[in-house]
Amino acid sequence: MLSDISEFIQQNFLYTHPGYTILNTVVFGIILGIAVILIIKMFKYIKKDPKDLFIPLVPFIFFGSSARALVDNGIYPLVLWLVTPGIYILTGFAAIAALLISVYVEKKTKFDYRYFILIVGTILCIPNILSINHLNWVTFFEVVGTWAVMTSIFALIGRKWTLLKDKFNLGILSAHLFDASATFIAIDFYGYGEQHVLPTALMNITGTAAVMFPLKIGVILAALYVIDEYVEDDTIKNMLKLAIFILGLAPGLRDFLSLSIGT
């Protein structure tokens, strides 16, 4: 019985599974929702605004995504804590620990807790950066160029549209446009595959990963509008936005680095 349960978990939720399924997508979504609720309570307790962490958390996101990309390309070993969901659990706990320690340090020394988090995250990234011994600059600029064009369009729209005048909203959308750009270039031009359930279905229907752009734009703009219009609590509002930002940038960086390192 226990061996059957262990095998089921290995096949559906750990690094041995063959990609995302409806089952593990739903389970991971529930776990993420619970984690967000607990983190909101933590932010209220320490009296900090999640909005302040948009930039300081970027090195932590890079740490998790680059570790995953290094596994994809055989540079790091295929072990539980370096692949989904292990690497993101590890990164999440590291970020939370850094946050709590930084708040304590700030109380004792007046050193801005945001800089503490940024420094810790940057130090964590160093081994991963040193392990990247090759970059394909063609694919690098293909992704960055596509992302820059798409983001520029919405930056211009943001001059007239209140929703995107907010730089944090624009940053969140930009993170997801980066993910869409990396997916589009990797799949349509280099033969990579998609693992997530809904994007795979849409790509099969349309025959192109370019469908990620309208999908991302529609979903993210709708989510941001609902949050801004109907969520009054600033901590909840900004934590939801921070979670959406991470959900865009983390897979985007992983795909981008996997492609740039591997091609």
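The values are calculated or read from the model by the stated rules, or taken from the named source; none is laboratory data. A quick note: this is a predicted structure, and the numbers were derived from the prediction, not measured. Virtual Cβ from ideal backbone geometry, glycine too; neighbours counted across all protein chains shown. These area figures cover heavy atoms from the full protein model, side chains too; ligands, DNA and RNA do not enter into them. Shrake-Rupley method; radii C 1.70, N 1.55, O 1.52, S 1.80 Å.
Of 107, 216, 160, the order by accessible heavy-atom surface (1.4 Å probe, DNA, RNA and ligands excluded), from most exposed downward, is 160, 107, 216. Give the lysines reachable from residue 160 as a straight Cα distance under 17 Å; neighbours fewer than 8 places away on the same chain don't count. By straight Cα distance, residue 160 reaches no lysines at all.
Ordering of 169-179, 132-142 by packing is 169-179, 132-142, highest average first (other Cβ atoms within 10 Å, averaged per residue). Accessible area of residue 114 (1.4 Å probe, protein heavy atoms only, ligands and nucleic acids ignored): about 90 Å². With viscosity set to 1.567 mPa s and temperature to 4 °C, compute the Stokes-Einstein D of the chain, Rh being the Kirkwood radius across alpha carbon pairs; µm²/s, no decimals. For these conditions, the coefficient is 66 µm²/s.
Return the whole-Å distance between the Cα centroid of the stretch 193-232 and the Cα centroid of the stretch 89-106. Cα centres, the stretch 193-232 to the stretch 89-106: 31 Å. What you get for the stretch 56-153, charging only the Cβ of Lys and Arg (+1) and of Asp and Glu (-1), is a dipole of about 380 debye around the Cα centre.
When the listed pairs 48/167; 44/237; 107/241 are checked against a 24 Å cut-off, the alpha-carbon distance exceeds it for 107/241. Most tightly packed first, judged by the mean number of other beta-carbon atoms within 10 Å of their residues, the peptides 117-128, 38-49 read 117-128, 38-49.
In plain terms, the bigger the Kirkwood radius, the slower the diffusion; for the stretch 50-171, with that radius from Cα pairs, at 20 °C and 1.002 mPa s, Stokes-Einstein puts D at 128 µm²/s. Comparing 223, 209, 67 in a Gaussian network model of the chain where C-alpha atoms under 10 Å apart are linked, the largest mean-square fluctuation is found at 223. The residues of the stretch 175-224 have, on average, 43 Å² of accessible surface per residue, using a 1.4 Å probe with all protein chains present. Using a 1.4 Å probe on the protein chains only, how many percent of the accessible area of the chain belongs to carbon and sulfur? Accessible surface attributable to carbon and sulfur in the chain totals 70 percent. Dipole size of the chain about its Cα centre, with +1 on Lys/Arg Cβ and -1 on Asp/Glu Cβ: approximately 880 debye, rounded to the nearest 20.
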